[in-house]
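S.K.: Sharing a structure here in structure tokens format.
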Amino acid sequence: MKESDMIDHRRLGRELELFVSDPLAGAGLPIWLPAGAAARHAVEEYVRDLERRAGYRHVYSPPLGKRELFELSGHLGHFADDMFPPMRLSADDEFVLRPALCPHHALVYRARGRSYRDLPLRVAEIGGMYRAERSGVLGGLSRVRAISLNDSHNFCALEQVGDEVREILRLIREAHAALGVRPAGFRLSLRGPGEKYVGDDAQWARAEELLRAALDGVDYHEGPGEAAFYGPKIDIQIADAAGRESTISTIQLDFDKPEKFDLSYTDADGGRKRPVMVHRSLVGSMERLFAYLIEVHAGAFPAWYAPVQLVLLPVDDGQAEAALDLARLAEAAGLRAEVDHAGSLGARIRDAARRKVPYVGVVGAREAADGSVSLRLRDGRGLDPMPAGDALRLIGAVVAARSAELLPPA
Ligand SMILES: [Zn+2]
């Protein structure tokens with residue numbers, strides 16, 4: 001495999017100043033620089049908004065918890081090899097960095113009594129978690145030790161699971177379209193041989209049947225041995241520049257944790273019932289998502305999550321004030337804008353192109369005098385000078401539509 005392809009997102013991440021990996025901070029612990037953080041912030045806001053409109057309730061929970069919590073969840077019994085070792089504060093006080101958010105979200109469910117009217121209860125968070133990956137496999141953003149997962153746990157009555165899984169598949173498709181994710185395939189991940197699985201055969205069979213029904217009409221393949229330790233799942237795969245597949249989106253059925261955490265709800269007839277827990281992620285971890293997005297867009301993100309959306313270039317010092325005023329107007333309109341004064345106009349245009357900025361606004365003497373701007377698009381097209389307000393509305397419309405194009409539809 002070509003090494004240049006394999007390191008693509010790392011190289012672009014460096015060139016575009018999106019993130020840095022510093023050996024002093026530790027392998028697999030990248031730091032997001034302002035440009036990368038701006039793009040990630042836009043994506044996180046989009047994901048939360050999509051979820052909010054689909055009936056999700058967002059929470060915050062700490063990435064650290066007592067050892068007993070992860071003994072109860074089964075993570076220490078089944079997943080300890082992938083976790084950092086516990087930290088001991090005193091003889092009876094040990095903490096672990098969590099390898100998953102499910103235990104905390106089970107406690108959100110348990111925070112008060114639940115009735116059938118509360119279901120499906122969708123507890124969502126972009127939350128931190130940790131994996132003790134060996135240093136040899138770490139690289140850039142694709143394999144990391146500190147992970148920010150777009151996660152949710154949807155607690156459902158058994159008869160709601162089919163509709164819930166289909167609705168999650170719809171949300172996944174919507175998020176992929178907005179971000180420019182092109183899946184390589186759908187996988188139904190099933191149990192394999194071995195002792196690492198919990199739950200009885202009847203639960204596994206029922207969960208598998210529900211997922212197969214939800215996948216009706218979808219082209220998928222089966223992945224024996226790819227299930228979670230607590231249940232089967234639907235995994236949506238992406239391929240990197242080197243053709244290696246990884247999971248970006250997942251839907252997992254779990255009958256086990258509701259038992260372990262003794263979760264229940266009062267049904268319409270007054271009886272106690274156990275909910276089913278659906279673990280799901282629309283776009284996976286922010287790290288792996290951006291490793292993919294950087295490569296698939298070659299760093300030229302759609303305008304709505306471009307780190308800087310508009311760079312303003314005064315032709316000479318006489319227009320510096322006009323360019324600054326326009327940048328302030330753009331920021332007031334919710335856009336990410338900068339003024340670049342340094343160097344020749346040609347060099348500044350080339351620098352904006354190198355940084356993959358979607359819009360460059362040139363402000364010459366004529367534009368400064370009549371309050372207009374000449375827009376140049378990232379793809380090389382140039383527009384006639386237009387009033388500054390029109391230019392900001394044009395960019396704002398593209399951003400609001402989360403379009404992959406740089407001009408609104410004619
Ligand atoms: Zn989970």
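The values are calculated or read from the model by the stated rules, or taken from the named source; none is laboratory data. In this text, all values refer to a predicted model and were calculated from it rather than measured experimentally. Backbone-built Cβ (ideal geometry, glycine too); neighbour counts: all protein chains shown. In case anyone asks, the SASA skips ligands and DNA or RNA and just uses the protein heavy atoms, side chains included. Shrake-Rupley method; radii C 1.70, N 1.55, O 1.52, S 1.80 Å.
S.K.: Of Lys196/Lys273; Lys196/Lys233; Lys66/Lys273, which sit over 23 Å apart, Cα to Cα?
M.R.: Lys196/Lys273; Lys66/Lys273
S.K.: Something else about it: For Gly223, what residues show an amide H to amide H distance below 5 Å, using hydrogens built from the backbone and excluding near sequence neighbours?
M.R.: Placed amide hydrogens put Leu188, Ser189, Leu190 under 5 Å from Gly223.
S.K.: Just to confirm a number: summing +1 for Lys and Arg and -1 for Asp and Glu over residues other than Glu71 whose beta-carbon lies under 12 angstrom from that of Glu71, what do you get?
M.R.: +1
S.K.: From the Cα trace of the chain, what convex hull volume per residue do you get, rounded to a whole Å³?
M.R.: 181 Å³
S.K.: Run down the aspartates and glutamates and flag those whose C-alpha is under 16 Å from the C-alpha of Lys356, throwing out any fewer than 8 positions away in its chain.
M.R.: In chain and number order, the partners are Asp8, Glu15, Glu17, Glu295, Glu338, Asp340, Asp379, Glu405.
S.K.: Right, another one. Quick one: helix 388-400 against the long Cα principal axis of the chain, what's the angle to the nearest 10°, folded into 0 to 90?
M.R.: 20 degrees
S.K.: Restricting attention to the alpha-carbon atoms of the stretch 121-189, what are Rg (one decimal) and Dmax (integer), both in Å?
M.R.: Calculated on Cα positions, Rg and Dmax stand at 15.4, 45 Å.
S.K.: Take the solvent-accessible surface of the protein heavy atoms, probe 1.4 Å, and return the percent of it on the stretch 1-119 that carbon and sulfur atoms account for.
M.R.: Carbon and sulfur: 55 percent of the exposed surface of the stretch 1-119.
S.K.: Here is a follow-up. Whenever you get a sec, compute what percent of the accessible area on the stretch 143-239 sits on carbon and sulfur atoms (1.4 Å probe).
M.R.: 47 percent
S.K.: May I ask you to give the average projected area over all directions of the convex hull of the Cα atoms of the stretch 30-119, in nm² rounded to one decimal?
M.R.: Projected over every direction and averaged, the Cα hull of the stretch 30-119 covers 8.7 nm².
S.K.: Of Gly140, Gly26, Gly194, which has the largest mean-square fluctuation in a 10 Å C-alpha GNM of the chain?
M.R.: Gly194
S.K.: Residues with beta-carbon under 10 Å from that of His279, excluding His279: net charge, scoring Lys, Arg +1 and Asp, Glu -1?
M.R.: +1
S.K.: Same structure, new question: Do any trypsin sites (Lys or Arg not before Pro) in the stretch 164-205 lie in a loop, going by DSSP, with at most 11 other beta-carbon atoms within 10 Å of their beta carbon, and if so which?
M.R.: none
S.K.: Tell me which residues come under 5 Å, amide H to amide H, from Ala333 once H is placed; ignore anything under 5 positions away on its chain.
M.R.: Answer set, sorted by chain and number: none.
S.K.: Given the Cα atoms of the stretch 1-158, and with Rh set as the inverse mean 1/r over their pairs in the Kirkwood sense, what is Rg to Rh to two decimals?
M.R.: My calculation puts Rg/Rh at 1.02.
S.K.: So, for the stretch 262-410, what is the accessible surface per residue at a probe of 1.4 Å, expressed in square angstrom?
M.R.: 43 Å²
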